[in-house]
Amino acid sequence: MEPPFRARIRAGDENSFRVLFQEHGRAVYNHCFRLTGDWSVAEDCVSLVFLETWRMREKVEPHGGSLLPWLLGIATNVVHHRRRTARRHRALMERMPPPGLLPDFADEVVGRLEDQERIAAVRKALDQLSRPDREVLALCVWAGLDYAATAEALGIPVGTVRSRLSRARRRLEKLALKNLEQDLEPAAAERQQTGDRHEAVRPSSGKGEGPW
Amino acid sequence: MVSRDREQDGDVRELRRLLAVPAERDFPEGRRVQREEHLMRSWRTMAGQRTDGRGRRVGQRLAMGLAAAAIAAGVTVAMPGGSESGTDSGKKAEKGTEKTTEAVPASYAVQKNSNGTLTIYLKEVSMWSEGDAKHFEAMTAKIRAAGFTAVVENFHPDKTCRQNRGEVMKPEKTGDGDWDYRYVMTHADTYLVTVRAPVADRKGSGTTQPTFYQDRFIKGPVKPCDPS
């Protein structure tokens, strides 16, 4: 009888790791993108995540469901400790064939650039949160893990996941409200304010020329 | 508890609305396969390594530390092929086009070409697993013995150089089954090895990170280190 998938992963079976990559590579790739804001960095992070996965394979629980929470937990750490992890696997990563050998299609490139602009704006808002809150949010809200899986990925109690999400929501709503108030402020000042008057045209140069 | 979960689901929904992210994408065309192949090769390379960090680190520290100390001190080490390592950039060039053979399992070969260039053949990642230091050292010696430039730089752990040390040469795939990659050096080019001394673990666990090696083939002479 074939041993269960987790047992094969723990034993370092290469084909099982290949299956793991085929099944979850895309989810890890997108999670890394949302955390880094850069598709090409995310690609490298995926490789690092699966190299780390191999290194840490004996830590996989023998019994359980999908390994996605475990992978996303590793991905979260890899992104945070990217330099250190990259140093650990640098020799292997340097043997990676240059990505430029493959074609990039124009529409695809434009779409990816738009993604990066969009995620940059989101990340700006996210910067207002603490790292633990951001991590819970990325796993639970974006990667779609439930509370228990998020807790498993980060090695924290489920209650902590709940409280961090609530805190993140409150904080972001407060910030959104504050931004809204700031946006409305200039519109409220309809009458002229002291010192707000400036010359509308440039002074004439004295040669009868217009201001332009 | 049910009502509480519903409330939490409200948090998720609201956060999804506030922080809408782009739709998921797959890897760019062809790169999924490329990454998968790279990972398969890497896992095979890592397969012989232990997964418990401390045992491996101690072993690496001992092996690499000794070799690094030898390189740092400029110690002359007799090599199986009969050439010597050291600071001399190589007076005697190896003649002929035979690939050199090593007593250790062959992870690289150095071949002088009739047009005056030097080809270095490498096995896929294999040389970067066990005994890295020995391979770095031996390859440096071979390149120097062939009359080409190999530079070994030793750095304090706190010192780093900015990355632009010159144009890094890209490996060519050989596709011959014996070797995976090759670099072709001219006399103007440089083989650069950077050796970083072991770093003490900041958490005070008593462990240290092993000596770190990095090698690159630089087109032309290597630019001076720009410390940062």
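Read-outs throughout are calculated quantities, based only on the coordinates presented, and are distinct from any laboratory measurement. Given the structure is predicted, the values throughout are model-derived calculations rather than measurements. Glycine gets a Cβ as well: all are built from the backbone with ideal geometry, and neighbour counts include every protein chain shown.
Numbers below:
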| quantity | calculated |
| --- | --- |
| In Hz, Karplus ³J(HN,Hα) per residue of region A:115-122 (6.51, -1.76, 1.60; θ = phi - 60°; x = Gly, Pro) | 4, 5, 5, 5, 5, 4, 5, 5 |
| Gyration tensor (Cα) of region A:1-96, equivalent ellipsoid semi-axes in angstrom | 23, 14, 12 |
| Shielding by other protein chains, A:118-124, mean Cβ within 10 Å | 2 |
| In sequence order, calculated HN-Hα J values of region B:35-41 (Karplus, 6.51, -1.76, 1.60; Hz; x Gly/Pro) | 5, 4, 5, 4, 5, 4, 5 |
| Averaged over B:218-226, number of beta-carbon atoms from partner chains that fall within 10 Å | 0 |
| Volume per residue that the Cα convex hull of region A:113-184 spans, once the total is divided by residue count, Å³ | 91 Å³ |
| Under 5 Å, built H, 5+ apart or other chain: amide partners of residue B:153 | B:193, B:194, B:195 |
| Residue A:148-residue A:19 FRET efficiency (beta carbon distance; Förster radius 22 Å; 0.05 resolution) | 0.40 |
| Residue A:58 paired with residue A:7, simple spin-label distance in nm, labels 7 Å along Cα-to-beta-carbon | 1.9 nm |
| Mean Cβ neighbour count within 10 Å, used as a protection proxy, ranking A:148-156, B:172-180, A:127-135 highest first | A:148-156, A:127-135, B:172-180 |
| Amide H contacts of residue B:146 (H built 1.01 Å from N, under 5 Å, at least 5 apart or other chain) | B:94 |
| Per-residue mean of C-beta atoms belonging to partner chains within 10 Å, peptide A:85-91 | 4 |
